[in-house]
1. Out of everything in the range 122-149 that is surrounded by fewer than 17 Cβ atoms within 10 Å (Cβ to Cβ) and at pLDDT below 95, what residue ends up being farthest from L57 (Cα to Cα)?
2. Considering A42, A53, which residue is buried (at least 16 other Cβ atoms within 10 Å of the Cβ), touching a residue at least 24 places away in the same chain (Cβ under 8 Å) and more than 15 Å from I159 (Cα to Cα)?
3. Please verify whether D93 is over 16 Å from the mean Cα position of the chain (by Cα), free of Cβ contacts under 8 Å to residues at least 60 places away in the same chain and surrounded by fewer than 22 Cβ atoms within 10 Å (Cβ to Cβ), treating the condition exactly as stated.
4. Any residue that is assigned to a strand (DSSP E or B), assigned by TED's automatic domain parsing to the domain that holds A42, modelled with pLDDT of 95 or more and not β-branched (V, I, T) - is there at least one of those in the range 190-198?
5. If V13 passes every condition in (1) at pLDDT 95 or above; (2) of a type in the set (V, I, T); (3) in a loop (DSSP other than H, G, I, E, B) but one, which one does it miss?
6. Return the residues of the range 56-86 that are of a type in the set (A, V, I, L, M, F, W, C), surrounded by fewer than 21 Cβ atoms within 10 Å (Cβ to Cβ) and within 15 Å of G202 (Cβ to Cβ); say none if nothing qualifies.
7. Considering only residues that are over 18 Å from T155 (Cβ atoms) and among the acidic types (D, E), which ones fall in the range 56-78?
Amino acid sequence: MRTTRSRLAPLAVAALVGLPFLAAAPASADDHGGTELSGTLAELNDSGASGTAWGMLEGNQLHIILESEGLLDGAPHAQHVHIGGTNTCPGADVEGTGPNGELQTSDGVPSYGGVALSLTNEPGMTSGEHALDVTNFPATGSYTYERTIEVDAETAAQIADGNGVVVVHGVDHDGSGTYDGDAKSDLDPALPAEATNPALCGELEVAQMEMPEEGVATGGGGTAGTEHIGLLTMGVLALGLGGLGLAATRRRAGERS
């Protein structure tokens, strides 16, 4: 397979509106210095692959971990964080514009938007301009990818809002063991479509605080227990006011004696 390096300008990202602070909102990892994110990477194009994604956003620093398996071994797998569209993954049964109904990258743009971050192996090569630097992405069938990336304020706000979508590319449609075939990539005609068609997709959702039976711990995927925080706060306040009332009663009793 002849690999080439080309440049793909990212699609425009919608303007951002900061989230207002709500005192009654469920607590998340953001209350403890960062925003925790997680998602399941589900197969597209009957790739047979699977995976998970985890992230921690602290300020403009995104620490991200991807674990994937079942991809074509020995071939590069471009991987990105997309933002835009409906900030979701297309359904696994969605038919695309490929010759046999394969879902091409552009077919999914209305769902996951354009490339915001390129999850390459090289430092400083994480912008959308490096979306097709195929020699700088993982090239094994199963791998763990871990990296800390500095993002701009707009991208950080979108990711913290739960709008990031991870897409991993590269599908061996014909089972030949390599990227080939007559169909050309909708992103770069110098590449076969198999090299850029999406194989995995997962939405980076904000992890909510889960209140344990003893103590408080961040993380988890639910909000169980957070509905009691307001009641607990009111109880503490009531105890404080009760203590003040008791002290005042004792003081008046002492003055009369």
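The values are calculated or read from the model by the stated rules, or taken from the named source; none is laboratory data. From a predicted model like this one, the values you see are computed outputs, not experimental measurements. Neighbour counts are summed over all protein chains in view; Cβ atoms, including those assigned to glycine, are modelled from backbone coordinates with ideal geometry.
1. T135
2. Answer to the selection: A42.
3. Yes, satisfied.
4. yes
5. Result: V13 fails condition (1) only.
6. Matches in the range 56-86: I65 only.
7. E67, E69, D73
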